[in-house]
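Each reported figure results from applying straightforward, stated rules to the coordinates on display, with no laboratory input. Just so we're clear, the structure is a prediction, and the values are computed from it rather than from any experiment. All Cβ positions, even for glycine, are placed from backbone atoms using ideal geometry, and neighbour counts span all protein chains on display.
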Amino acid sequence: MGATTDRPSGSAASTRERILDIALELFTEHGYDKTSLRDIAERLGTTKAALYYHFKSKSDILLELHLRLHALGQGILDELESLDNGQQRAAAWPALIDRFITEVSENRALMALHQRNQSAVEDLHRSERHRLSNDDMERQFRLLLSSPDIPVATRVRMACSIGAVMGGMLSTSMLDDVPADELTDLVREAVSDMFSSG
């Protein structure tokens, strides 16, 4: 008899992703507080009880969606950590932050979710699982931006480029009059200017 694993089957994983996608739509359209598990189940075409197979609570669904946002930056941080030294990381940064802009642009629904449900997301920050994930990312950023073999001016540009992406792409309520493609191009141009001027 073969070994068993805790990993969900392809069908279960697919259902889980569909639940998350539907919840993302509903939380963004109606707000986290005004969306029930029954609403998610009805949109999915299943029962509320069936959702419990995949998620113990509505807050677990929100946490998984929040962690999707974390995942956008995690791949870049992991790639940077795989490089041998700070000079290589600094050289790789402009291309990686450009890729991050693309990833954020392609996941604007996640940004809207966070803007629409700030109170619920703040509650998540107190959860143990979120704190552990967030602490690891912050540790990686601190190590990167405090590396003594990267010139200070470059480290400042790297930090400012993160701020430019977060301020420009995540502040949807302040820049919602700018078409998404135009906003992405303008943020990309602003970040590029930071590195071309040095």
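Residue-wise, which Karplus ³J(HN,Hα) couplings in Hz belong to the range 146-160, taking 6.51 cos²θ - 1.76 cosθ + 1.60, θ = phi - 60°, and x for glycine or proline?
So the J values, rounded to whole Hz, are 10, 5, x, 8, 10, x, 4, 4, 5, 4, 5, 4, 4, 5, 5.
Give the whole-number value, in cubic angstrom per residue, of the convex hull volume spanned by the C-alpha atoms of the range 30-108.
Expressed per residue, the convex hull around the Cα atoms of the range 30-108 is 119 Å³.
Anyone know which of MET174, MET137, MET166 comes out most mobile in the 10 Å Cα GNM of the chain?
Sorting by GNM fluctuation, first place goes to MET174.
Between SER147 and residues 5 or more places away or on another chain, which pairs have amide H atoms under 5 Å apart, with H built 1.01 Å from N, and which residues are they?
Amide H to amide H, under 5 Å and 5 or more residues apart or across chains, SER147 pairs with nothing.
Given contacts defined as C-alpha pairs under 8 Å and at least six residues apart, what's the relative contact order of the chain, whole-number percent?
Numbers: 135 pairs, mean separation 43.7, N = 198.
Once normalised by length, the contact order is 22 percent.
Bins of 5 Å, beginning at zero and ending with the bin holding the largest distance: percent of Cα pairs per bin for the chain, please.
1, 6, 14, 15, 16, 15, 12, 9, 6, 3, 1, 0, 0
Please state the relative contact order of the range 9-56 as a whole percent: Cα pairs under 8 Å, 6+ residues apart?
Working: 25 pairs, mean separation 14.4, N = 48.
Worked out over the range 9-56, it gives 30 percent.
³J(HN,Hα) across the range 85-96 via Karplus (A = 6.51, B = -1.76, C = 1.60, θ = phi - 60°), whole Hz, x for Gly/Pro?
8, x, 5, 5, 5, 5, 5, 7, 4, x, 5, 6
From the helices alone, meaning DSSP H stretches of at least four residues, give me the mean residue ellipticity at 222 nm for the chain, per-run term -39500 (n - 2.57), in deg cm²/dmol to the nearest 500. Please list the in-between numbers first.
Numbers: 10 runs with 148 residues, N = 198.
Calculated at 222 nm, the ellipticity per residue is -24500 deg cm²/dmol.
Given R₀ = 35 Å, what would the calculated FRET efficiency be for MET137 paired with LYS56, taking r from the Cβ atoms and rounding to 0.05? Mind showing how you got there, number by number?
Details: r = 24 Å, r/R0 = 0.70.
Plugging the Cβ-Cβ distance into 1/(1 + (r/R0)^6) gives 0.90.
Could you compute the longest span of the chain free of chymotrypsin sites (Phe, Trp or Tyr not before Pro) located in DSSP loops and having at most 15 other Cβ atoms within 10 Å, not counting the site residues? Working shown, then result.
Details: sites that count: TYR52, TYR53.
Longest site-free region, per DSSP loop and neighbour criteria: 54-198.
Can you give the convex hull volume per residue for the Cα atoms of the range 9-56, as a whole number of Å³? Can you show the working numbers first?
On the way: hull volume 3.0 nm³, N = 48.
Each residue corresponds to 62 Å³ of Cα convex hull volume.
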